[in-house]
Amino acid sequence: MASKEILKQKEAVVKEIVEKLDNSKTFLLLNYQGLTVSEFAQLRRSLREVNSDVKIYKNTLMNIALNQKNIKLNDYMEGPNAYLFADSIIEPIKVVSKFVKEHPALEVRVGYIDSEFADSKVIAEYATIPSMEGLLTMFAGGLMEHVRNLSIGLNLYVEKLEEGGNN
């Protein structure tokens, strides 16, 4: 039988996981089997740059926390897993997807994005979405096109007026 101290430690870990789940917009389950310690540290550093965290918890403690949140991932929790918690959606997925391309040993299994279940295909689709800066640049480019066309039209109208046309 486990001592009271060990049970308190496990309860604290479960509480920590539940808090991380509550505060995360993106939660991913990753299979890191085959990654070296330095590669995993590199992944952690990359994710910290986008305010994300990847942690390793025992599957049994993770299952307890997930059950408290009514999240059912038992079918995906075999083997060594790492768990990504992020307060944004696109940036951490892009970091992980780029890392997977460079290190095929890392596998993105499933996740929850904005409280919705996402399998690896959906996560891959999110990875193709441009960053917020890219989207804003595309939006600004679209707006600039209209402004440019308006200025050309006004310039042509002014030239027509200067030539003496009243239409």
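The values are calculated or read from the model by the stated rules, or taken from the named source; none is laboratory data. Everything quoted here is computed from the prediction, not taken from an experiment. FYI the Cβ positions are ideal-geometry reconstructions off the backbone, even for glycines, and counts take in every protein chain you see. The protein model used for the area step is the full one, side chains on, heavy atoms only, and it has no ligands, DNA or RNA in it. Shrake-Rupley method; radii C 1.70, N 1.55, O 1.52, S 1.80 Å.
Just a few scattered comments:
- Among residues of segment 1-24 that are over 20 Å from ASP114 (Cα atoms), those with a beta-carbon under 9 Å from a residue that is among the charged types (D, E, K, R) at least six positions away or on a different chain give the pairs ALA2/LYS10; LYS10/LYS58; VAL13/LYS58.
- Sub-7 Å Cβ pairs linking a first residue in segment 114-138 that is under 29 Å from LEU66 (Cβ atoms) to a second residue that is open to solvent by 50 Å² or more (accessible area, probe 1.4 Å), at least 6 apart or interchain, are ASP114/LYS25; ALA127/LYS94, ordered by first then second residue.
Here is a yes/no grid of residues against (1) assigned to a helix (DSSP H, G or I); (2) touching a Cys at 6+ places or on another chain (Cβ under 6 Å); (3) under 30 Å from LYS98 (Cβ atoms); (4) at pLDDT 90 or above:
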site	(1), (2), (3), (4)
ILE129	no, no, yes, no
GLY134	yes, no, yes, no
GLY141	yes, no, yes, no
VAL158	yes, no, no, yes
GLY165	no, no, no, no
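- Tabulated pairs, segment 48-69, first of a type in the set (Lys, Arg), second part of a helix (DSSP H, G or I), C-beta under 7 angstrom, 6+ apart or interchain: LYS69/VAL18; LYS69/LEU21
- ALA124 being within 18 Å of TYR32 (Cα to Cα), in a helix (DSSP H, G or I) and open to solvent by less than 100 Å² (accessible area, probe 1.4 Å): yes
- Search result, residues across segment 5-56 that are open to solvent by 60 Å² or more (accessible area, probe 1.4 Å), part of a loop (DSSP other than H, G, I, E, B) and of a type in the set (Ser, Thr, Tyr): THR36
- Which listed residue, of MET132, MET144, is open to solvent by 60 Å² or more (accessible area, probe 1.4 Å), within 15 Å of PRO92 (Cβ to Cβ) and out of contact with any Pro (no Cβ under 6 Å at 6 or more places or on another chain): MET132
- Residues of segment 70-84 that are open to solvent by 70 Å² or more (accessible area, probe 1.4 Å) and touching a residue at least 40 places away in the same chain (Cβ under 8 Å): TYR76 alone.
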